[in-house]
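Chemist: Okay, handing you the structure first.
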């Protein structure tokens, strides 16, 4: 029934290749099916000014998409002179999600910038960016720990994200682009390694959904997130 | 326990004054406690170009905040030369939410622009904007029906929005600013008149939440939305 | 003869409601007929950098208009990414006018920002903004005096503004929008409580005017300003 | 008493050299003392879109200043990414003033763009731009008439502009930069060849002025404008 | 003597992997040592408007760099709101170079957009972008030919680019980043498959060079370009 | 054969008038035939921040063009809100070229800004800007030396620039606009007083060129540059 022939609760193949960018403190290329996102983490010695003298650190994210990551060419935001509302919404989500898994006091007054750039898009780019962004963050923090710059690990738990939606009347896991553009309701769920929730965003365009459908999608997402956490673990050699 | 002394499930007083802007096709001033939002609806004869020859209409929204709506002055976006990521995220949410309650085919190839400008802010401005924006939309559509420009009512149902959150460990309804800035988890729920869900956005900053907490907040929201729908009905004389 | 049926020297009804914004140090909603402007004053502890170590303060203004304050919707400047030339011209005029009534040395090295946002427009918005802006300024300065932050009153005199023009060949006071858009010559006059002039801006589009006409308009303006000063006095309880 | 040793009613030397830009339809270099402005007129076949099918033409102006026209270097607006409020205010004034001397119906549905670029500044640049801009406009219109493109002359009269102010307590004509920056009140007067008024802009910064002072300045301006009109006439060989 | 231990005339290893982006009409990932550039070609049905009704096509290019392609993080141009001068200079060079190898009449009134995004930078990114951009262009044109959309091949010849410079007093081929930042003179040479020149850009910062040195660098470049053309041939299976 | 009737190796008349801007530390108006560029040098007490505590100075350039310097009016970059890619490329070239003739250590931690504004364009504006910019720089540095602010002369040599190209199959010197727009290959050469090269930029649009043609153009350029250096010497009274 799904365009890809997948089962309703079947995710696309996941691969996470680490340390793919020689200059970054942490990096990975995450592939969820045909969605490919390059994630890097940059450690900056200073926290943003609003944190001055608080002893707290910050994790922030930026998101971009190559013009031809998409089926028809998307105009380059640097040429348009601004990031779209969608881009800003996504990068705020990535930053907020990753911060939920970090003890900012243990991180100390420094900032880690996560860059997520979509090389190829087939639905679910923001979820891939969060899941891959966490791996880049983990690797960068490992460097801080190895160097003795910080002594206790500020990473509290895994953070991973997965989409679900109601496609052709059925709840399905991990929407690809054809499903995403046809789904009446879709949602993104950000979940920790212990299975707690960090973000739930469900949205109906031109329809609405019930409390029961919401719970069905949540159930799919919890199962999917578990598999993503395993992929993260295996990528970082955990 | 709440700074305002309200019960956990007690909303702030709601008032909706209609037809407050003499030039707009529909308008209202909605007050949820000290949060005051001026909403107007403008009917445009043309739909956006991506809908040309589809027979479908569009509803979109823009959101703004007067510089001194807030406790300390916020810089004016027109001076900064761009809308913030937060502003864009909110106006996308308002537009998406209202479209979910509209039969775009019955509306025909025209656009209704909902402007939501916050005159005074005390938490929950996006929810007030959706709830008041719906009233402005309803009034503007009434004009189209009265004039015979369209013949069948494109409004499918009410759309109203309410925030909830976990404040000091307790689920509370309709966060004001002091609660909003201290809550570990907060959520915005957009609900129809029949009680179906249109948007669920739950977010943890520096914490996480369980499936059970999610359901508790949802329950509060469903009750709150019901009261907002009553306020809408009474405002439009329904 | 006038579209509104007013006498040549008859102003529209004036009302000034004070303290309408709970967060601002001073605020009012001024209504001149159907022109409604919300004015707030914000006290900032620092003067602009060009005044550093001079002992002098500054008063500045920003002006905006809600998109549907006008008969047909005006595009939002925050979306366009810049303030129009007209907006900048008006806010420069408001700031210059209000500064003319202030002893910047008595104010000390701080800045007061006057925000004037037009909720509804029917001609004369810049004049309403100056007249209402002065009230907001007065109220904010009262707070500084009451708190003992400053000891001598920096407000030298009232500042009020009124428009006049030659409509259908006749000099008329306080142009509304239909008059303003048809007038061959129109002018804005900023006047102090003692009747001295602060700004005179007369402009002919597609016509020209004589010295005598200029004096007639000035005479109308002087009378109108007197009535605005009375409204200011009554608003601040003077 | 004046820094330059001039009499109170003495203007600086005026020179207008025509046809200085080989590509423009009309051009001149106007020098008012050390204020030098290069003015050009460009004829465009189309009027702005808001005039479509009205039979009316348009005259508009743009104003710029070379970075080192001023005593200390001014940052280039093209680098800053926008025109300042002052620049926009000036170019709106130039356009409005020149349009007041034009029969837009005789001009027909075309646009003439007047570019005024300050090569060297010593006060009074906007007045020099209007006076020189009129010459460039006159020369361009002459070309249209000579080519038979239009048959009746759309230029109704000369338009010239001059500044006056109250310097050290005395009304003086044609302020240079040292006077301009010290004057308590200054004004710009745009006058036609027949002595009628087109724009009067008087402004007090940190002071105020009386009706009598206003009239004294107006008298000075009328005399000054007469001499500028003579310089225009002699420049165009009239 | 070179930081990398290479011979003076030794290039870094070159690899070109084709068809790496599933949505693009042509694409490759080119690696010149540690410089990695992802190149895609997008076919657009319309030529730019300045070519309307000329029968001629166009090839243009855009260039970008991921923030962490560089040793320290570079700020994202989409966030800064504009492309840097360097970026614009490079993308103009890429477009001009590729057009030199295309018969725009045989291409017909369509446009091919080449996107070159640097995933990792180690000197020579603009040369890699030209060399890889040509491969993407070749592959996209092949599709047009295969589909019969165009009948005669518009590609006239290979276009490849290589840098040379004077490092530590010696002419060297294919500068990496440490060499590039220390070289007194460096140059970029764009060469066709037949060995003719398309662009020569030599530049001395803080030094100067002689006619003889220029010729030495040219000789190195000609040899290097030959090897790049071979790599192009092998990539496209030629 | 040339549109102007010049010999293949004949330059247009050159004139350099110095000290034409009363406020600038150095200035000249350079005319190369009908190309007229006004150049000024501004001395700033501070070097850019990246040079802090290095003891080194900086020379930078900005380039602009009056809208009607060109045959048809060019839109003003300040109105468009950004400098074009061409403008940025040119001003980077001017700055780089002039720095190549300066001992930045002898200049000390200060910056000299060269503004080059094209009053009239007929091809070769960037070359005229470099040649005239050097004169403005020389005059400004003379002031620093005369004032004893610096003790040893930081100017190492003349820097001058000239264009050449292949027009109608023939190598020609100093292209004017009709030649420039028709030339298959054109180049800009920046040369020192001793005849050494600083920049070579050769470019083919829709063609390519041989090593021999390159050398022919270089030969022409070297002869042309010699004459420009003589004009510089005579302008500065050397």
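Chemist: Could you check, for region D:46-67, whether at least one of its residues is closer than 19 Å to residue D:139 by Cβ and within 7 Å of another protein chain (Cβ to nearest Cβ)?
Modeler: Yes, that holds for at least one residue.
Chemist: Then there is this: Taking residue E:29 as the residue in question, decide whether it is under 14 Å from residue E:111 (Cα atoms), at pLDDT 95 or above and more than 9 Å from chain A (Cβ to nearest Cβ). Steps first, please.
Modeler: Numbers: under 14 Å from residue E:111 (Cα atoms): no; at pLDDT 95 or above: yes; more than 9 Å from chain A (Cβ to nearest Cβ): yes.
The answer is no for residue E:29.
Chemist: Separate question: So residue D:231 fits all but one of (1) within 16 Å of the chain's Cα centre (by Cα); (2) within 30 Å of residue C:196 (Cα to Cα); what number is the exception?
Modeler: In the conditions (1) within 16 Å of the chain's Cα centre (by Cα); (2) within 30 Å of residue C:196 (Cα to Cα), residue D:231 misses (2) alone.
Chemist: Name the single residue that is nearest to the other protein chains (Cβ to nearest Cβ) among those in region A:166-202 being in a strand (DSSP E or B), over 17 Å from the mean Cα position of the chain (by Cα) and in contact (Cβ under 8 Å) with a residue 40 or more places away in the chain. Step through it out loud before you land on a result.
Modeler: At the first step, the residues of region A:166-202 found to be in a strand (DSSP E or B) are A:166-167, A:170-173, A:185-192, A:197-202.
This time we only want the ones that are over 17 Å from the mean Cα position of the chain (by Cα), so: A:166-167, A:170-172, A:185.
Filter once more, keeping what is in contact (Cβ under 8 Å) with a residue 40 or more places away in the chain: A:166-167, A:170-172.
On the way: A:166: 12, A:167: 17, A:170: 18, A:171: 14, A:172: 18 Å.
Ranking the qualifying residues of region A:166-202, first place goes to A:166.
Chemist: All but one of (1) surrounded by fewer than 19 Cβ atoms within 10 Å (Cβ to Cβ); (2) over 20 Å from residue C:211 (Cα atoms); (3) in contact with a helix residue (DSSP H, G or I) (Cβ under 7 Å, 6 or more places away or on another chain) hold for residue D:182, so report the exception by its number.
Modeler: Result: residue D:182 passes all but (3).
Chemist: Does at least one position in region F:154-173 carry a residue that is in contact with a strand residue (DSSP E or B) (Cβ under 9 Å, 6 or more places away or on another chain) and exposed (fewer than 15 other Cβ atoms within 10 Å of the Cβ)?
Modeler: No, region F:154-173 contains no residue that is in contact with a strand residue (DSSP E or B) (Cβ under 9 Å, 6 or more places away or on another chain) and exposed (fewer than 15 other Cβ atoms within 10 Å of the Cβ).
Chemist: Criterion first (without any contact (Cβ under 8 Å) to a residue 24 or more places away in the chain and more than 8 Å from chain A (Cβ to nearest Cβ)) does residue E:37 satisfy it? Full working, then the answer.
Modeler: Details: without any contact (Cβ under 8 Å) to a residue 24 or more places away in the chain: no; more than 8 Å from chain A (Cβ to nearest Cβ): yes.
Answer is no for this residue.
Chemist: Here's another thing I want to ask about it. Would you confirm whether any residue within region C:154-162 is assigned to a strand (DSSP E or B), within 19 Å of residue D:86 (Cα to Cα) and within 13 Å of chain D (Cβ to nearest Cβ)?
Modeler: Within region C:154-162, not a single residue is assigned to a strand (DSSP E or B), within 19 Å of residue D:86 (Cα to Cα) and within 13 Å of chain D (Cβ to nearest Cβ).
Chemist: Would you tally the residues in region A:25-39 being in a loop (DSSP other than H, G, I, E, B) and either surrounded by 21 or more Cβ atoms within 10 Å (Cβ to Cβ) or in contact with a strand residue (DSSP E or B) (Cβ under 8 Å, 6 or more places away or on another chain) (or both)?
Modeler: Summing the residues that are in a loop (DSSP other than H, G, I, E, B) and either surrounded by 21 or more Cβ atoms within 10 Å (Cβ to Cβ) or in contact with a strand residue (DSSP E or B) (Cβ under 8 Å, 6 or more places away or on another chain) (or both) in region A:25-39 gives 2.
Chemist: Consider residue F:93 carefully, then state whether it is closer than 28 Å to residue A:79 by Cβ, in contact (Cβ under 8 Å) with a residue 60 or more places away in the chain and within 12 Å of chain E (Cβ to nearest Cβ).
Modeler: Yes: the conditions hold for residue F:93.
Chemist: If only one of E:107, E:139 is in contact with a strand residue (DSSP E or B) (Cβ under 7 Å, 6 or more places away or on another chain) and crowded, with 20+ Cβ neighbours inside 10 Å, which one is it?
Modeler: None of the other options fit; the residue is E:139.
Chemist: Among (1) touching a strand residue (DSSP E or B) at 6+ places or on another chain (Cβ under 8 Å); (2) without any contact (Cβ under 8 Å) to a residue 40 or more places away in the chain; (3) under 24 Å from residue B:172 (Cβ atoms); (4) surrounded by fewer than 20 Cβ atoms within 10 Å (Cβ to Cβ), there is one condition residue B:22 misses while meeting the rest; what is its number?
Modeler: (3)
Chemist: Can you confirm whether residue D:131 is farther than 19 Å from residue F:37 by Cβ and in a helix (DSSP H, G or I)?
Modeler: Numbers: farther than 19 Å from residue F:37 by Cβ: yes; in a helix (DSSP H, G or I): yes.
When the stated conditions are applied, residue D:131 passes them.
Chemist: Here is a follow-up. Please go through region B:40-56 and pick out each residue that is in contact (Cβ under 8 Å) with a residue 24 or more places away in the chain and not in a loop (DSSP other than H, G, I, E, B).
Modeler: B:40, B:41, B:42, B:43, B:44, B:51
Chemist: What's the number of the condition residue D:59 fails, among (1) in a loop (DSSP other than H, G, I, E, B); (2) at pLDDT 95 or above?
Modeler: Evaluating residue D:59 over (1) in a loop (DSSP other than H, G, I, E, B); (2) at pLDDT 95 or above leaves (1) as the failure.
Chemist: Next question. When region B:68-87 is examined, which residues are found to be touching a helix residue (DSSP H, G or I) at 6+ places or on another chain (Cβ under 6 Å), away from chain A (no Cβ under 14 Å) and part of a helix (DSSP H, G or I)? Step through it out loud before you land on a result.
Modeler: From region B:68-87, those touching a helix residue (DSSP H, G or I) at 6+ places or on another chain (Cβ under 6 Å) are B:73-74, B:76-78, B:83, B:85; that's our starting set.
Add one more test, that the residue is away from chain A (no Cβ under 14 Å), and what stays is B:73-74, B:76, B:78.
The one that is touching a helix residue (DSSP H, G or I) at 6+ places or on another chain (Cβ under 6 Å), away from chain A (no Cβ under 14 Å) and part of a helix (DSSP H, G or I): B:78.
Chemist: Would region C:99-111 turn up any residue that is within 13 Å of chain B (Cβ to nearest Cβ) and either modelled with pLDDT of 95 or more or in contact with a helix residue (DSSP H, G or I) (Cβ under 8 Å, 6 or more places away or on another chain) (or both)?
Modeler: Yes, there is a match, as at least one residue in region C:99-111 is within 13 Å of chain B (Cβ to nearest Cβ) and either modelled with pLDDT of 95 or more or in contact with a helix residue (DSSP H, G or I) (Cβ under 8 Å, 6 or more places away or on another chain) (or both).
Chemist: In region F:203-228, how many residues are under 20 Å from residue F:102 (Cα atoms) and either within 13 Å of another protein chain (Cβ to nearest Cβ) or surrounded by 22 or more Cβ atoms within 10 Å (Cβ to Cβ) (or both)?
Modeler: The total comes to 2.
Chemist: Among the residues of region A:192-228, what is the count of those that are farther than 27 Å from residue A:70 by Cα and in contact with a helix residue (DSSP H, G or I) (Cβ under 7 Å, 6 or more places away or on another chain)?
Modeler: The total comes to 6.
The values are calculated or read from the model by the stated rules, or taken from the named source; none is laboratory data. Quick caveat: nothing in here was measured; it's all calculated off a predicted structure. For neighbour counting, all protein chains shown are included, and Cβ atoms are generated from backbone atoms with ideal geometry for every residue, glycine included.
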